[in-house]
1. Could you please find all residues in the stretch 169-181 being in contact with a helix residue (DSSP H, G or I) (Cβ under 8 Å, 6 or more places away or on another chain), within 12 Å of the ligand (Cβ to nearest atom) and not polar (S, T, N, Q)?
2. Of all residues in the stretch 188-219, how many are under 24 Å from Ala153 (Cβ atoms) and touching a strand residue (DSSP E or B) at 6+ places or on another chain (Cβ under 7 Å)?
3. Which condition breaks for Gln189 when tested against (1) more than 17 Å from Ala86 (Cα to Cα); (2) outside any helix (DSSP H, G or I)?
4. Taking the condition of being closer than 22 Å to Tyr168 by Cα, open to solvent by less than 40 Å² (accessible area, probe 1.4 Å), touching a strand residue (DSSP E or B) at 6+ places or on another chain (Cβ under 9 Å) and of a type outside the set (A, V, I, L, M), how many residues in the stretch 76-96 meet it?
5. Can you find, within the stretch 253-274, the residue that is nearest to the ligand (Cβ to nearest atom) among those that are under 13 Å from Ile238 (Cα atoms), open to solvent by 10 Å² or more (accessible area, probe 1.4 Å) and not acidic (Asp, Glu)?
6. Of the conditions (1) within 15 Å of the ligand (Cβ to nearest atom); (2) farther than 30 Å from Thr298 by Cα; (3) of a type in the set (S, T, N, Q); (4) open to solvent by 10 Å² or more (accessible area, probe 1.4 Å), Thr51 fails just one. Which one is it?
7. So which residues in the stretch 126-146 are within 16 Å of the ligand (Cβ to nearest atom) and either basic (Lys, Arg) or open to solvent by 40 Å² or more (accessible area, probe 1.4 Å) (or both), if there are any at all?
8. Give the residues of the stretch 235-245 that are in a helix (DSSP H, G or I) and surrounded by fewer than 22 Cβ atoms within 10 Å (Cβ to Cβ), sorted by residue number.
Amino acid sequence: ASTLAAAAQQSGRYFGTAVAAGRLGDSTYVNILNREFDMVTAENEMKMDATEPNQNQFSYGSGDRILNQARNQGKRVRGHALAWHAQQPGWMQRMEGSSLRQAMLNHVTQVATYYRGKIYAWDVVNEAFADGSSGARRDSNLQRSGNDWIEAAFRAARAADPGAKLCYNDYNTDDWTHAKTQGVYRMVQDFKSRGVPIDCVGLQSHFNSQSPVPSNYQTTLQNFANLGVDVQITELDIEGSGSAQADNFRRVTEACLAVARCTGITVWGIRDTDSWRAYGTPLLFDGSGNKKAAYNSTLNAL
Ligand code: XIL
């Protein structure tokens, strides 16, 4: 196969990218998008601040541009993200307790209902666990509204769009021995045992020298899959260049391919210059849209 999407499809997987609405007028960008990818995540446009800038006033223009561009090209869409401590609108940042809980559940319900039938998988809750050695939840206004806020969000999302896969998504959950990975694992295990609706776990997989691709990455993917959920690599980028970077992308791709329930890989942008970490040149295409060594190693591993 000669594109990432076609190569991924050979094993029934997808290959996606984050898309920014503001770049849809850039023909180099759109050409690569249309050619290489078969799954799209809105980089910012479906987040809480974008979709509910004022309480109970929903705004879907930018999200719709990305969704419609993708669907017109026959691509599927991952929804990102219904509930998160970051990129909350100001009005929500100032809320707490049961009124926040109600506002969060209303947000989940409204946004998932608006997009019902059009989203392959939703990141229902993003980044709810703490970094460091505690393995505990992250402190946030949502967490302080009650420890069951995550399962409440998942139940609301299921009711609003029964056809979408519902995912928990996080970063620094790639190393199996990491306390944060274990914390997420125990939550998913608990949800499955109690029938809380969860279908998938997303590993963001933002890698750099401080946070390299762990040697046990495939073990982590397999252990989550063994809980009875799909796993997806949802925001892949790896800082570096040349053959070292190419090797890391190959390792990540091979790990996914080795796990039956690893259903797809999404990179967090198209060209290095599109990346939120552009200084680290962490993507598969250079600033001019040329394929990098990392592109070739990824394609060959699919
Ligand atoms: C990032 C976007 O790429 C940036 O444009 C934005 O300024 C901040 O958010 N984890 C996530 C993504 O789940 O939503 C984040 O995206 C990167 C980290």
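The values are calculated or read from the model by the stated rules, or taken from the named source; none is laboratory data. Keep in mind that this is a model prediction, so the values were computed, not measured. When we count neighbours, we look across all protein chains shown, and the Cβ atoms used for this are built from the backbone with ideal geometry, even at glycine. Ligands, DNA and RNA are stripped out before the accessible areas are found, and what is left, the full protein with its side chains, is counted by its heavy atoms. Shrake-Rupley method; radii C 1.70, N 1.55, O 1.52, S 1.80 Å.
1. The answer is Asp170, and nothing else.
2. Taking the stretch 188-219 first, the residues under 24 Å from Ala153 (Cβ atoms) are 188-206.
Next, from what is left, pick out any that are touching a strand residue (DSSP E or B) at 6+ places or on another chain (Cβ under 7 Å): 188, 197-206.
Residues meeting the conditions: 11.
3. Among (1) more than 17 Å from Ala86 (Cα to Cα); (2) outside any helix (DSSP H, G or I), Gln189 violates only (2).
4. Residues meeting the conditions: 5.
5. Trp268
6. Looking at each condition in turn, Thr51 falls short on (4).
7. Just the residues of the stretch 126-146 that are within 16 Å of the ligand (Cβ to nearest atom), to begin with: 126-131, 138, 140, 142.
If the condition is that a residue be within 16 Å of the ligand (Cβ to nearest atom) and either basic (Lys, Arg) or open to solvent by 40 Å² or more (accessible area, probe 1.4 Å) (or both), then Asp131, Arg138 are the ones that fit.
8. Narrowing the stretch 235-245 to residues in a helix (DSSP H, G or I): 242-245.
Listed by number, the residues that qualify are Gly242, Ser243, Ala244.
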